[in-house]
Amino acid sequence: MSDAGPGSRHHPHRRAAPERLAVCVITVSDTRTLETDTGGARVEELLIVAGHRAVARSIVPDDAGAIARELRAVLDRDGVDAVILTGGTGIAPRDVTPEAVEPLLDRVVPGFGELFRMLSYQEIGSAAVLSRALAGLASGRVVFVLPGSRGAVQLAMEKLVLPEIGHLLGEARKLR
C-alpha cells in the first residue's frame, strides 16, 4: 500500500507546498484586548508549534470597514503568506467579518466552511449551522475566517488550517 494518499506530503500537489509560512492573525472584537483574546492567542500558539511564524497580531472592532482596511493593510505587506481572522462569523447583527472579507478574495474556497461546519456539528450539534467560517485566496495569499471561540479555533486549526495552509498557499501563488 502506498503512502502517497491525498493527505501525504508525497502527493504531487503537495510536494511544492511551502512548509514554513509567515502568518498575520487578526481578531475581530469590540470587547477583546491582546491580553484577553484567547482565540487569537491560540491561533498564534498553534502556528508556532507547527513551525510557522506569527508575524503580526492585531485586534479590530466588529466593523466591516475597519476589518476590510486591516485586511487590505496586511495583504499589502511584504513577507506575509497567510492571514487568519477570528471572530465575527456568527449571525448577530455585529458579526460582519464574512461580509468584510469575501469581497477582497480573488477566490473563495467553499469546502473549508463546509468541512468546518461538518466537524463542528460532530462536536456541538446543530448549532454548527450558525457559523459562517470561510477561506479564500487574495493577492497570492491564503485567508481564513474562523469563529472567535477557543474551541472553534482549535478545531479549525488542527483539522483544516494547519494540514492545508501550505498547499493552499502553493495554489494561491499560481493565481498571481
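The residues neighbouring Val74, those whose beta-carbon lies less than 13 Å from its own, together hold a net charge of +1 under the Lys/Arg +1, Asp/Glu -1 convention.
The stretch between Glu102 and Arg20 holds 27.0 nm of extra length on full extension. This uses 0.36 nm per residue minus the Cα-Cα distance.
Fully extending the segment from Ala73 to Leu175 would add 34.7 nm, taking 0.36 nm per residue of separation and subtracting the current Cα-Cα distance.
For the Cα trace of region 95-138, dividing Rg by the Kirkwood Rh returns an Rg/Rh value of 1.03. Using only the C-alpha atoms, the convex hull of region 105-176 corresponds to 74 Å³ per residue. Over the chain, all Cα pairs binned in 10 Å intervals from 0 give whole-percent P(r) values of 10, 41, 37, 10, 1, 0, listed from short to long.
Less than 5 angstrom separates the built amide H of Ala22 from those of Arg53, Asp81, Ala82, all sequence-distant by 5 or more or on a different chain.
From its DSSP helices (H runs of at least four residues, each -39,500 (n - 2.57)), the chain gives a residue-normalised ellipticity at 222 nm of -11500 deg cm²/dmol. For the chain, the relative contact order comes to 25 percent (Cα pairs under 8 Å, sequence separation of at least 6).
Throughout, read-outs are computed from the coordinates displayed, never taken from laboratory work. Worth saying up front: this structure is predicted, and the values here are computed from it rather than measured. When we count neighbours, we look across all protein chains shown, and the Cβ atoms used for this are built from the backbone with ideal geometry, even at glycine.
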